[in-house]
Amino acid sequence: MLKNFIFLFSFIVLLSCSNNTSEIRNPVTGEVKKPGIFSKDSEKGISLSDLLNPQDKDGISVNVNGFLWRASLEVLSIAPLISTDALGGTIITDWYTNKNITNKRIKIMAYIKTSELRSDGISVKVHVQRFKSGVWTDTYNDSKLASQIENNILNEARNYRTNSLNN
């Protein structure tokens, strides 16, 4: 088993050291491409450094803003969380019913879209259902409540940032 692993590892290392300088010319457009191991064009392929250091179109690292993430978790902590993705910046709550409003329940989804603390860095969607005749009705979106939650998250994130600068 160990011999097979060493052989396979050595084989992969030797393959990665190849010097492929061949070029393919498109007969219609005249475009010249160098084929990669896993793609028809080595320029459009993916490298190990691309996987370890993801970047968007502008060459800026894509991460989630820490202040927005903490603020989102704090504001959305009123409802049970069913899914959180810190790398992708997604938070999804379970259905939540306020004890004072028993015929309505909400589900909140927050998406952090940037690594900067900006007003357009977060997007919130609120899904609402009403309880009628013993059955929860179809879901609809409440954009006004979503906007209020976004503002609360942004205010909380600003407070986190201000407190971090003062300390």
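The values are calculated or read from the model by the stated rules, or taken from the named source; none is laboratory data. Note that the coordinates shown come from a computational prediction; the quantities given were computed from them, not determined experimentally. Note: ideal-geometry Cβ built from the backbone for every residue, glycine included; neighbour counts use all protein chains shown. When the accessible area is computed, the model is the full protein with side chains, heavy atoms only, and any ligands, DNA or RNA have been set aside. Shrake-Rupley method; radii C 1.70, N 1.55, O 1.52, S 1.80 Å.
Can you give the charge dipole size of segment 67-156 about its Cα centre, rounded to the nearest 20 debye, using +1 on the beta carbon of Lys and Arg and -1 on the beta carbon of Asp and Glu?
Dipole of segment 67-156, to the nearest 20 debye: 400 debye.
Probe 1.4 Å, all protein chains in place: accessible area of residue 135 in Å², nearest 10?
Its heavy atoms expose roughly 90 Å² to the probe.
Not counting ligands, DNA or RNA, and with a 1.4 Å probe, what is residue 82's accessible surface area in Å² rounded to the nearest 10?
Per-residue accessible area (residue 82): approximately 100 Å².
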